[in-house]
Amino acid sequence: MTLYHSATSPYVRKVMVLAHEAGLLDRIALVPASGTPLDPGTVPVGANPLGKVPVLTRPDGGALYDSRVICRYLDALAGHRFYPTGARQWDCLTLEATADGMLDAALLMVYESRLRPDAMQMPQIVEGHWSKIARSLATLEERWMAYLAGPLCMGQIALACALGYLDLRHGARGWRDMAPQLGAWQAKMDARDAMIATAPPN
Ligand SMILES: N[C@@H](CCC(=O)N[C@@H](CS)C(=O)NCC(=O)O)C(=O)O
């Protein structure tokens, strides 16, 4: 399999952390790729018309995107270990959706400030995106700590990657002050080999 990869993409990181945890790394070749909404750059748009990474091409030639689909595929290859069934199933999927939504908002904040010329900046949009993240942090802190204390699942991996991306791009916002229990959970996640091996460059 070939994974179109960017070392700073938190969506790629989700895939890489899962591949580490599932023992699938030696089956995946990495190809650097990156783009923005203004220019798909080196992202293979023939494989993913949305022009985003990650993209995974399979041995039979079919391409998979986005990160949630790729992670489901890798989990199936690994024997269905990271998406629980039974009572935890819907919580895991909701947690992954929450983490991905936080990531979407965090990435759009970056695009707003980096891609829009100064004269077209609209701080309200950036703050609106941050509100989504802040509400998610509050909800996770209030209601999700018991779930997060349970066995590792893809929702937890996605959340750890989302919080890592907040540190990378929005560290000045001080998310740990808003969610100290989550901060302690993240510290444990960050100590895992898979998280250390996939930490984004500064
Ligand atoms: N929902 C997608 C989001 C992927 C995504 O936004 N990737 C960013 C890199 S972090 C990208 O390639 N952006 C280019 C663009 O938006 O055109 C997923 O989960 O894979």
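The values are calculated or read from the model by the stated rules, or taken from the named source; none is laboratory data. The structure presented is a predicted model; accordingly, all values stated were derived computationally and were not measured. Don't worry about glycine lacking a Cβ; one is built from the backbone with ideal geometry, like all the others, and counts go over all protein chains shown. Surface areas here come from the heavy atoms of the whole protein model, side chains and all, with no ligands, DNA or RNA. Shrake-Rupley method; radii C 1.70, N 1.55, O 1.52, S 1.80 Å.
Okay, residues lined up against (1) out of contact with any helix residue (DSSP H, G or I) (no Cβ under 6 Å at 6 or more places or on another chain); (2) over 15 Å from ALA105 (Cβ atoms); (3) without any contact (Cβ under 8 Å) to a residue 60 or more places away in the chain:
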residue: ALA160; (1), (2), (3): no, yes, no
residue: TYR165; (1), (2), (3): no, no, no
residue: LEU168; (1), (2), (3): yes, no, no
residue: ARG173; (1), (2), (3): yes, no, yes
residue: ASP177; (1), (2), (3): yes, yes, yes
residue: TRP185; (1), (2), (3): no, yes, yes
residue: ILE196; (1), (2), (3): yes, yes, yes
residue: PRO201; (1), (2), (3): yes, yes, no
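Residue-level analysis places ASP66 outside the set of residues that are of a type in the set (D, E, K, R), within 20 Å of LEU159 (Cβ to Cβ) and open to solvent by less than 50 Å² (accessible area, probe 1.4 Å).
Restricting the range 57-68 to residues that are more than 15 Å from the chain's Cα centre (by Cα) and not β-branched (Val, Ile, Thr) leaves a set whose member that is nearest to the ligand (Cβ to nearest atom) is LEU64. A single member of ASP100, ASP104 is open to solvent by 30 Å² or more (accessible area, probe 1.4 Å) and under 22 Å from LEU163 (Cβ atoms), and it is ASP104. When restricted to residues that are within 12 Å of the ligand (Cβ to nearest atom) and among the hydroxyl-bearing types (Ser, Thr, Tyr), the range 93-114 contains 1.
Taken together, the residues in the range 7-59 that are farther than 19 Å from HIS80 by Cβ, open to solvent by 20 Å² or more (accessible area, probe 1.4 Å) and assigned to a loop (DSSP other than H, G, I, E, B) amount to 18.
If you go through the range 69-92 and keep only what is away from the ligand (no atom under 12 Å from the Cβ), in a helix (DSSP H, G or I) and open to solvent by less than 20 Å² (accessible area, probe 1.4 Å), you end up with LEU74, ASP75, CYS92. Please specify each residue of the range 40-84 satisfying the condition of being aromatic (Phe, Trp, Tyr) and in contact with a strand residue (DSSP E or B) (Cβ under 9 Å, 6 or more places away or on another chain). The answer is TYR65, TYR73.
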